[in-house]
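Colleague: Pasting a structure below so you can have a look.
The values are calculated or read from the model by the stated rules, or taken from the named source; none is laboratory data. These numbers were taken from a predicted model, which means no experiment stands behind them. Glycine gets a Cβ as well: all are built from the backbone with ideal geometry, and neighbour counts include every protein chain shown. When the accessible area is computed, the model is the full protein with side chains, heavy atoms only, and any ligands, DNA or RNA have been set aside. Shrake-Rupley method; radii C 1.70, N 1.55, O 1.52, S 1.80 Å.
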Amino acid sequence: MCIRDSTTTSPQAKFNKEQMTKGWSEFKKGDREAALRTWNSVYERNTTNGTGMRAKAYIAEALERDYDAAAGWYEKALRMDPADCMTLYNYGVLLELSLIHISEPTRLLSISYAVFCLKKKKKKKST
């Protein structure tokens, strides 16, 4: 069962969720320092559970753009709470994006080569 499917949520868990969301809101507004303070605050209150690890993953992913570190934090969070669907989803998206990022130059090279071949073919027909 996923955390979000749980019928009972402790006040602390609700507060942590609100703070994590607040951090993203601050980040989207461009206030990186406020997002960092908010997520660090969540981490400091939750150093021994998945919520704290997820807060560190957000810092690594969004603020530091250190995707390897973010993946490590997501892995720690999942070891602490394997039923946390949000962490599992975020980790999956991060891995998928890293694969796309790695393959992007290869894909662009293929597209460039295809365009080159088409241009070459057009020139031959016009002569």
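Colleague: Give the residues of the range 51-79 that are part of a helix (DSSP H, G or I) and basic (Lys, Arg), sorted by residue number.
Modeller: Selection gives 54, 56, 76, 79.
Colleague: Of the residues 7, 48, which single one is modelled with pLDDT under 90, open to solvent by 90 Å² or more (accessible area, probe 1.4 Å) and in a loop (DSSP other than H, G, I, E, B)?
Modeller: Answer to the selection: 7.
Colleague: Count, please, the residues in the range 65-87 that happen to be under 10 Å from the mean Cα position of the chain (by Cα), open to solvent by 40 Å² or more (accessible area, probe 1.4 Å) and of a type in the set (A, V, I, L, M, F, W, C).
Modeller: 0
Colleague: Right, something else. Among the residues that make up the range 98-119, is at least one of them modelled with pLDDT under 85, part of a helix (DSSP H, G or I), of a type in the set (Asp, Glu) and surrounded by fewer than 17 Cβ atoms within 10 Å (Cβ to Cβ)?
Modeller: yes
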